[in-house]
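Data block below; observations after.
Please treat every number below as a calculation from the coordinates, not as lab data. Predicted model, so just to flag it, every value in this text is computed and none were measured. FYI the Cβ positions are ideal-geometry reconstructions off the backbone, even for glycines, and counts take in every protein chain you see.
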Amino acid sequence: MLKPGDKAPSISLIDQNEKKVTLKDFTKRKVLIYFYPKADTSGCTEQSCLLRDIRKTIGKTAIIGISPDDSGKQLKFDKKFDLGFTLLADTEHVVAKAYSVWQKKSMYGREYMGIVRSAFLIDEKGKIERAWYKNSPKDTPKNLLKALEK
């Protein structure tokens with residue numbers, strides 16, 4: 001698991017507009033990367049909309065959402081809820097594995113691999129400033145605002 005001070009794993013994925021995005025595209029600013037299981041589901045929608053609602057209060061901090069959904073689903077999700085920030089398609093789970101959020105989960109006695117809802121605040125130098133594993137949808141914006149206060 002990643003912890004504060006660790007170098008943030010690199011990112012090179014396609015966004016909702018079919019454009020390649022890398023973490024290096026966001027140098028000299030903080031970045032919140034949040035991983036969510038599936039676009040347009042109740043918890044993921046709540047989390048994304050709460051982040052949308054605070055984005056004008058977080059200065060130059062960028063917000064990037066990542067899920068296993070393809071770019072087309074990400075685009076529909078963005079348009080439906082007017083999110084207005086980068087959503088990345090990690091269909092092969094490469095970045096999710098690098099951030100240790102692709103894990104074994106269980107529901108109703110069935111085990112499967114999936115995204116553990118988590119978020120990371122990355123500083124201007126590409127280091128993990130905060131890591132929040134297994135957070136609730138409502139916690140992501142609260143944690144970000146609290147971290148940016150300092």
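If packing is taken as the mean number of other Cβ atoms within 10 Å per residue, what is the order of 39-51, 19-31, highest first?
39-51, 19-31
Going by average Cβ neighbours within 10 Å, how do the peptides 8-17, 64-73 rank, with the highest at the top?
Going from most to least packed, we get 64-73, 8-17.
Hey, what do the phi angles of the range 104-120 turn into as Karplus ³J(HN,Hα) couplings, whole Hz, using 6.51/-1.76/1.60 and θ = phi - 60°, x for Gly and Pro?
6, 10, 9, 8, 6, x, 9, 9, 7, 8, x, 7, 8, 3, 8, 9, 9
Determine the alpha carbon to alpha carbon distance for each of Lys28/Lys73; Lys24/Lys97; Lys20/Lys105 and list only those over 21 Å.
Lys28/Lys73; Lys20/Lys105
If R0 is 25 Å, what FRET efficiency do you get for Asp25 and Asp53 from their C-beta distance, rounded to 0.05?
After rounding, the FRET efficiency stands at 0.55.
Which of the chymotrypsin sites (Phe, Trp or Tyr not before Pro) found in the range 43-150 are loop residues per DSSP with 10 or fewer other Cβ atoms within 10 Å of their Cβ?
Tyr108
What 222 nm value per residue comes from the helices of the chain, counting each DSSP H run with n ≥ 4 as -39,500 (n - 2.57) and dividing by all residues, nearest 500 deg cm²/dmol?
-8000 deg cm²/dmol
DSSP beta bridges in the chain, what fraction antiparallel, as a percent rounded to 5?
70 percent
Could you work out how far the C-alpha centroid of the range 32-100 sits from that of the range 134-150, in angstrom?
What the calculation gives is 15 Å, centre to centre.
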